[in-house]
Amino acid sequence: MLVDNFTPWLKPAYSAADNLVRPLYWIANIPLRVQEWSASSLTPRSEIESDNLRLSKESLIYHGQLQRMSDLAAENMRLRRLLNATELVQDSVLVTEVIGVSANPLSHTLTIDRGTADGVFVGQPLLDAEGLMGQIIEVHKRHSTALLITDSNHALPVQVLRNGLRSIAEGRADYNRLNLKFVSPTADIREGDKLVSSGLGGLYPAGYPVGTVLSIVSVPGDNFLKIDIDPSAEIDRSRHLLLLYNSRDNAADAVE
């Protein structure tokens with residue numbers, strides 16, 4: 001012990017002994033290594049298939065949740081835009097949601113989740129965050145039907161925002177287009193002009209966005225220009241809408 005503690009003479013012997021004993025440690029661990037290998041390599045096929053199926057289901061669930069999150073984010077953005085639109089509306093409004101659309105491509109109508117119980121009435125204007133959508137044509141207790149401005153049977157008095165030029169915007173069974181009728185070739189109208197409701201006829205209040213002049217074509221021999229309008233409202237996409245009440249309606253359930 002004294003020699004080991006105070007001299008390095010025995011270190012070569014220790015090193016030689018360690019080299020001799022090291023393989024014995026490796027041999028002693030062989031049973032444990034074999035057990036670990038068999039546990040990882042001999043897993044039943046049914047268990048592996050079960051784990052794969054479980055992981056596939058979890059992946060599908062997570063992807064579905066991710067898609068739902070994207071949809072919720074988009075819906076939140078649409079609601080924010082709708083809320084911003086209410087700040088610009090002078091009339092009282094009531095928020096409603098689309099619960100059905102017409103299956104007939106030539107009939108542009110939709111169903112909303114408000115009815116007489118909410119003070120909804122026939123002829124009531126309907127708009128989204130961007131502009132006028134249409135008007136109520138049928139009312140029930142808990143739901144109503146609206147005719148969209150793009151329906152071929154709908155006509156809307158409008159005026160050019162830039163100069164006040166009046167005309168009629170008609171639907172043509174196309175969610176992305178309106179026709180501007182009875183505009184003379186000498187009229188002061190340009191591509192890009194904004195159109196708003198004129199308030200004439202009493203169907204819609206004045207000043208709400210209707211669309212933008214997309215193209216102007218002068219057909220030889222015709223008394224009027226052929227004018228295409230791009231609707232301001234997202235006719236075929238908006239889900240949350242606003243019902244308009246003016247000061248004369250006094251709807252108790254309207255929310256300013």
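The values are calculated or read from the model by the stated rules, or taken from the named source; none is laboratory data. These numbers come from a predicted model, not from an experiment. Please note: Cβ atoms are built from the backbone with ideal geometry, for glycine as well, and neighbour counts cover all protein chains shown. Note: areas computed on protein heavy atoms with side chains; ligands, DNA, RNA excluded. Shrake-Rupley method; radii C 1.70, N 1.55, O 1.52, S 1.80 Å.
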>> So in region 163-211, with the set limited to residues that are among the aliphatic types (A, V, I, L, M) and in a loop (DSSP other than H, G, I, E, B), which one is farthest from residue 109 (Cα to Cα)?
In response: 187
> When residues of region 89-112 are filtered for being surrounded by 14 or more Cβ atoms within 10 Å (Cβ to Cβ), within 25 Å of the chain's Cα centre (by Cα) and outside any strand (DSSP E or B), how many remain?
Replying inline: 4
>> Against the condition part of a loop (DSSP other than H, G, I, E, B) and farther than 20 Å from residue 133 by Cα, how does residue 236 come out, does it pass?
In response: no
> Among the residues of region 206-243, how many are within 19 Å of residue 150 (Cα to Cα) and either at pLDDT below 90 or not hydroxyl-bearing (Ser, Thr, Tyr) (or both)?
Replying inline: 26
>> Here is a check on your reading of the model: is residue 161 in contact with a Pro (Cβ under 9 Å, 6 or more places away or on another chain), under 21 Å from residue 202 (Cβ atoms), of a type outside the set (D, E, K, R) and open to solvent by 20 Å² or more (accessible area, probe 1.4 Å)?
In response: yes
> Is it true that residue 130 is in the same structural domain as residue 94 (by the TED database) and free of Cβ contacts under 8 Å to residues at least 24 places away in the same chain?
Replying inline: no
> Can you pull out the residues in region 219-238 that are over 20 Å from residue 173 (Cβ atoms) and surrounded by fewer than 13 Cβ atoms within 10 Å (Cβ to Cβ)?
Replying inline: 219, 220, 221, 222, 223
> Within region 164-186, how many residues are more than 22 Å from residue 125 (Cα to Cα), among the aliphatic types (A, V, I, L, M) and open to solvent by 30 Å² or more (accessible area, probe 1.4 Å)?
Replying inline: 1
>> For region 127-145, check the following and say yes or no: at least one residue is open to solvent by 30 Å² or more (accessible area, probe 1.4 Å), more than 30 Å from residue 226 (Cβ to Cβ) and assigned to a strand (DSSP E or B).
In response: yes
> Is it the case that residue 149 is open to solvent by 10 Å² or more (accessible area, probe 1.4 Å) and assigned by the TED database to the domain that holds residue 204?
Replying inline: no
